[in-house]
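All remarks here apply to the structure that follows.
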Amino acid sequence: MQISVESLTSVKKKINFEIPAARVASEVEKVYDEIRKHAAIKGFRKGKVPKDIIKKHYHEKMADDVLKNIVNDTYFKALTDEKIYPVSYPVIDSDELKVGENFKYSATVEVFPDVEVKDYDGLEVKKEKFVLNDEVVSGRLREMQENMAHLEPAEAGVAAKSGDYVTFDFKGSIDGVPFEGGAADDFQLELGSGRFIPGFEDQLVGMKSGDEGEIKVTFPENYGQKDLAGKDATFAVKIKEIKVKELPELNDDFAKDFGEFETLEDLKKKIAEVHNLQENERIEADLRDRLIKALIEKNSFEVPDTLVDKQLNLMLENSKRRLAMQRLTMEMMGLNDEGYKAQFRSAAETQVKGSILLDALARKESIEITAAEVDEKLKQIAQQNNQDFEQVNKFYQQNAQAKENLSAQLKEDKAIELLLSKATVTEVERKELDK
């Protein structure tokens, strides 16, 4: 058997095989003998079908089975002998199988890039300066008030304003002809919420309970129902009820409704504490991303499409999971799977390159993770999720992949710490980050 290896790119190799005719003939006979044991042809007992009949009826199956056997016997051995480490399944291309002739086939695979990380001392990166923002506390309190608000009927004769809830009947028509989905009774709408097409809610402002009138609007050109897009419509409306949102007063009793707080000041301090923690985590994550991008700029290399696709699929599934927790879908965000992948492919490639470089750095600097460090991380995970440490530890001990992923993440974190210790970090205002 002859084997040669071509480097098509830095991450793609083509392994060429030439199998001697004698081995091909031997494999063909072996496969035909195996087929003959199980072949069921009318007029012959199983295992007694003449070989020429077998060859006539099972030639294509023979060729498939021979190719499969030869590839299994030669491909994996070649990977070991040639020290090739694929990250993708092989793409097999073969000549026609002919008895009495040598058989040639090739296997094209993507391989893990061979990266020697360099120029990682003194990386220059910007870090966002943390700024206390008192408006965040007042904004969060307002959200909490909104969540606990209740609706009260407006006083008689009071006109509807933005933020009020209006219950009304409506009937829509285009050129005097009603259209599907254009009518409803006792529909409740918060004015200013933007639920209706532009201009509709604005014209309800100022109307009073019992009022009737017409609202004229134009459907947007990109409206979901194509038969309505861009068309002028008239809605006959009748206001039935106006309700005003009543917000609870911000005081100590309001704070006590959230369980662990005795005073409003306690609640404010907690909101500020959580916000500051989240902001610092966001800033540190952004610094990490900038550091990795700076490292990538110093180390240009190609990555296999297979690894990028795998990372992209992982990102897609994580995004779907997060949206589902908010009762949202990709479609509601104006994206489908293909659109998402096109939009975030570059980000996925950056993440793959970052992981490869950090792994190379860890090897170069002999960064290792100790059992004590793994235990400490498991304790943090248990605490963050309000779980018993023993249960968390048992899960990771019984799931080798999860434990391996955890160790890899800890090793990446150590590599990042090393980069930061050698980097030149400049703190700037948020608006100066990308200048």
Work out how much length Y223 to I174 would gain on full extension: take 0.36 nm times their residue separation and subtract the Cα-Cα distance, in nm to one decimal. 16.1 nm
Please report how far the C-alpha centroid of region 243-266 lies from that of region 380-401, rounded to the nearest whole angstrom. 37
Per residue, how much accessible surface does region 1-92 expose to a 1.4 Å probe? Answer in Å², no decimals. 65
Less than 15 Å from a label point 7 Å out along the Cα-to-Cβ axis of K403: which backbone N atoms in region 367-381 qualify, by residue? 369-379
Let's see if you can work this out: charge +1 on each Lys and Arg Cβ, -1 on each Asp and Glu Cβ, no other charges. What is the dipole magnitude of region 5-153 about its Cα centre, in debye to the nearest 20? 1440
Theoretical gain in end-to-end length, A285 to H150 [0.36 nm per residue, Cα-Cα removed]: 44.7 nm
Within region 302-338, backbone nitrogen closer than 19 Å to the virtual label 7 Å beyond the Cα of I296 toward Cβ: 302-319
Please report Rg over Rh for the chain, where both radii come from the alpha carbon positions and Rh follows the Kirkwood definition. 1.14
Quick one: how many Å² of R345 are accessible to a 1.4 Å probe, rounded to 10? 80
Report the one residue of P20, G192, F258 whose Cα lies farthest in the direction of the positive end of the charge dipole of the chain (charges on C-beta: Lys and Arg +1, Asp and Glu -1; origin at the Cα centre). P20
Close lysine pairs (region 257-377; alpha-carbon distance under 21 Å; 8 or more apart or on separate chains) counted at 12
Please work out the FRET efficiency for the pair Q2 and K129, using the Cβ-Cβ distance as r and a Förster radius of 56 Å; give the result to the nearest 0.05. 0.30
With every protein chain present, what is the per residue accessible area of region 238-316 (1.4 Å probe, Å²)? 58
Per-peptide average of other Cβ atoms within 10 Å, ordering 69-82, 107-120 highest first: 107-120, 69-82
Size of electric dipole in region 257-337: Cβ of Lys, Arg +1 and of Asp, Glu -1, about Cα centre, debye, nearest 20: 200
Any idea of L8's accessible area? Nearest 10 Å², probe 1.4 Å. 80
Under 8 Å for C-alpha pairs, at least 6 residues apart: give me the relative contact order for the chain, rounded to a whole percent. 17
Can you pull the percent of region 53-149's accessible area that's carbon plus sulfur, 1.4 Å probe, other chains left in place? 47
Straight-line reach only, C-alpha to C-alpha below 25 angstrom: list the lysines that K161 could link to, leaving out same-chain residues fewer than 8 apart. K171, K208, K216, K238, K240, K243, K245
Three-way shape call for region 265-327 based on the alpha-carbon gyration tensor, with the a/c threshold at 1.5: oblate
Report, to the nearest whole %, how much of the accessible area of region 278-435 belongs to carbon and sulfur atoms, 1.4 Å probe, protein only. 46
Between M325 and N251, how high is the FRET efficiency from 1/(1 + (r/R0)^6) when r is the Cβ-Cβ distance and R₀ = 22 Å? Nearest 0.05. 0.10
So, R0 is 45 Å and r is the distance between the beta-carbons of K98 and D305; what FRET efficiency does that work out to, to 0.05? 0.85
Considering only protein heavy atoms, with the full assembly of protein chains and a 1.4 angstrom probe, order F179, F130 by accessible area, largest first. F130, F179
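The values are calculated or read from the model by the stated rules, or taken from the named source; none is laboratory data. All values derive from a computational prediction rather than experimental measurement. Using ideal geometry, Cβ is built from the backbone for each residue, glycine included, and neighbour counts are taken over all protein chains shown. Please note that ligands, DNA and RNA were not included when accessible areas were found on the heavy atoms of the full protein model with its side chains. Shrake-Rupley method; radii C 1.70, N 1.55, O 1.52, S 1.80 Å.
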